[in-house]
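*Asks:* First the structure, which I've put down as structure tokens, then a few questions once you've had a look.
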Amino acid sequence: NKSQDSGIAEMEELPVPHNIKISNITCDSFKISWDMDSKSKDRITHYFIDLNKKENKNSNKFKHKDVPTKLVAKAVPLPMTVRGHWFLSPRTEYTVAVQTASKQVDGDYVVSEWSEIIEFCTADYSKVHLTQLLEKAEVIAGRMLKLSVFYRNQHKEYFDYVREHHGNAMQPSVKDNSGSHGSPISGKLEGVFFSCNTEFNTGKPPQDSPYGRYRFEIAAEKLFNPNTNLYFGDFYCMYTAYHYVILVVAPVGSPGDEFCKQRLPQLDIKDNKFLTCDEEDGVMVYHHAQDVILEVIYTDPVDLSLGTVAEITGHQLMSLSTANAKKDPSCKTCNISVGR
């Protein structure tokens, strides 16, 4: 029963892996184990592991038993750690199947039948990976400029709706999938989105905006102060020369604060490269990084009575919107070596 084409043979005696278990899943590694009948177990020298992104699983339905798989691994005690054999992407669904193999003296393999196909999903970036992103962002953040307000642009209808249906309070919404694919806040963290960048020559917010002609402005100290914690959320670009940094401001002890504490690197509010809050002569003074565009997520509702809403005099620049924007996976400035 030997294949003349590839030097891989099939013999019924080798045990077929079953009851496959995937554990210890990270954004770029996992452990795999399975059960096997004990007969002929001592003849196993290698495992063949076939891993595919879930959306491509149909591409293998005509796979022959005699086609070498993507990974040939020496038979090590199970569970076996799979790391670095593929460039695994975070937050991605994969399928995996296994066969056992016995290498013959002539270099050919005897193989078992394929196991069942198992599906699993890789994890988000851990704090370790986010810290790598944070360090890359610090390199290009630039000098610090003063700011006095946070602002949020929307359409007039949005603010009318907030007044009529939410008792004047802007409600947190789930963050979209813009930015890094492995970001643990995408599709999970809820917040109200603010900007804080100023124009270099005026020290005030720019008059243009991608997000609507009406702007809510609020004094910085009403959102960001010693009673809030600050977290680094993401660093990305959209095939552009400029880069975005996502920061999270969470009232101490709030649900948003607890969510971030487990998943994101925390920043010192007085001393970091992106957004600072410090007291000088009894007055709170605020600074932001000049060379990155900051997107600030505040994790609690914000009442419109705490600030003002007015129409901007500039343009609505839709092309600058980051809604569900895809990160450039080839940019060396804002990508780390795991996933995308």
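The values are calculated or read from the model by the stated rules, or taken from the named source; none is laboratory data. Given the structure is predicted, the values throughout are model-derived calculations rather than measurements. Heads up, the Cβs are rebuilt from the backbone with ideal geometry, glycines too, and the neighbour counts pull from every protein chain shown. Surface areas here come from the heavy atoms of the whole protein model, side chains and all, with no ligands, DNA or RNA. Shrake-Rupley method; radii C 1.70, N 1.55, O 1.52, S 1.80 Å.
*Asks:* Which one is surrounded by the fewest Cβ atoms within 10 Å (Cβ to Cβ) among residues in segment 199-218 that are small (Gly, Ala, Ser) and either over 23 Å from Arg143 (Cβ atoms) or touching a Ser or Thr at 6+ places or on another chain (Cβ under 7 Å) (or both)?
*Replies:* By that ranking, first place goes to Gly212.
A quick yes/no check of all residues on (1) open to solvent by 40 Å² or more (accessible area, probe 1.4 Å); (2) outside any strand (DSSP E or B); (3) touching a Gly at 6+ places or on another chain (Cβ under 9 Å):
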{"residue": "Lys222", "(1), (2), (3)": "yes, yes, yes"}
{"residue": "Pro226", "(1), (2), (3)": "yes, yes, no"}
{"residue": "Ala241", "(1), (2), (3)": "yes, yes, no"}
{"residue": "Gly253", "(1), (2), (3)": "yes, yes, no"}
{"residue": "Leu267", "(1), (2), (3)": "no, no, no"}
{"residue": "His287", "(1), (2), (3)": "yes, no, no"}
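*Asks:* Continuing with this model, one more query. Against the definition (under 16 Å from Glu217 (Cα atoms), among the small types (Gly, Ala, Ser), modelled with pLDDT of 85 or more and under 29 Å from the mean Cα position of the chain (by Cα)), how does Ser195 come out, yes or no?
*Replies:* Yes, satisfied.
*Asks:* Please state which of the following conditions Asn153 fails to meet, knowing it meets all the rest: (1) closer than 17 Å to Ala325 by Cβ; (2) open to solvent by less than 20 Å² (accessible area, probe 1.4 Å); (3) assigned to a loop (DSSP other than H, G, I, E, B); (4) of a type outside the set (A, V, I, L, M, F, W, C).
*Replies:* Of (1) closer than 17 Å to Ala325 by Cβ; (2) open to solvent by less than 20 Å² (accessible area, probe 1.4 Å); (3) assigned to a loop (DSSP other than H, G, I, E, B); (4) of a type outside the set (A, V, I, L, M, F, W, C), only one is false for Asn153: (3).
*Asks:* In segment 228-239, what count of residues is obtained for those that are over 20 Å from Pro265 (Cβ atoms), surrounded by 14 or more Cβ atoms within 10 Å (Cβ to Cβ) and not hydrophobic (A, V, I, L, M, F, W, C)?
*Replies:* 0
Let's see how each residue does on (1) farther than 30 Å from Ser126 by Cα; (2) open to solvent by less than 10 Å² (accessible area, probe 1.4 Å); (3) in contact (Cβ under 8 Å) with a residue 40 or more places away in the chain:
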| site | (1), (2), (3) |
| --- | --- |
| Val162 | yes, yes, yes |
| His165 | yes, no, no |
| Pro172 | no, no, yes |
| Pro184 | no, yes, yes |
| Gly187 | no, no, no |
| Gly191 | no, yes, yes |
| Asn197 | no, no, yes |
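*Asks:* Take Ile246 and tell me if it is modelled with pLDDT of 85 or more and not in a strand (DSSP E or B). Steps first, answer last, please.
*Replies:* Working: modelled with pLDDT of 85 or more: yes; not in a strand (DSSP E or B): no.
So Ile246 fails the test.
*Asks:* Name the residue that is least open to solvent (accessible area, probe 1.4 Å), counting only residues in segment 77-117 that are acidic (Asp, Glu), out of contact with any helix residue (DSSP H, G or I) (no Cβ under 8 Å at 6 or more places or on another chain) and farther than 19 Å from Met36 by Cα.
*Replies:* Step one: filter segment 77-117 for residues acidic (Asp, Glu), giving 93, 106, 108, 113, 116.
Now drop any that are not out of contact with any helix residue (DSSP H, G or I) (no Cβ under 8 Å at 6 or more places or on another chain), which leaves 106, 108, 113, 116.
Filter again for farther than 19 Å from Met36 by Cα, leaving 106, 108.
Values: Asp106: 96, Asp108: 33 Å².
Only one residue tops the list, namely Asp108.
*Asks:* Another question, if that's okay. So which pairs qualify, if the first residue must be in segment 299-328 and over 18 Å from Gly212 (Cα atoms) and surrounded by 12 or more Cβ atoms within 10 Å (Cβ to Cβ), the second must be modelled with pLDDT of 90 or more and of a type in the set (Phe, Trp, Tyr), the Cβ gap must be under 7 Å, and the two must be at least 6 apart or on different chains?
*Replies:* So the pair list comes out as Lys327/Tyr236.
*Asks:* Look through segment 86-129, keep the residues that are over 15 Å from Pro17 (Cα atoms) and among the aromatic types (Phe, Trp, Tyr), and return whichever of them is nearest to the chain's Cα centre (by Cα).
*Replies:* Tyr125
*Asks:* Follow-up. Condition check: of a type in the set (A, V, I, L, M, F, W, C) and outside any strand (DSSP E or B). Does Cys277 satisfy that? Break it down stepwise before answering.
*Replies:* Numbers: of a type in the set (A, V, I, L, M, F, W, C): yes; outside any strand (DSSP E or B): no.
No: the conditions fail for Cys277.
*Asks:* Identify all residues within segment 114-132 that are aliphatic (A, V, I, L, M) and touching a residue at least 60 places away in the same chain (Cβ under 8 Å); write none if there are none.
*Replies:* Ile117, Ile118, Ala123, Leu130
*Asks:* Same structure again: Which of (1) open to solvent by less than 40 Å² (accessible area, probe 1.4 Å); (2) over 23 Å from the mean Cα position of the chain (by Cα); (3) among the hydrophobic types (A, V, I, L, M, F, W, C) does Met144 not meet, given it meets every other one?
*Replies:* Condition not satisfied by Met144: (1).
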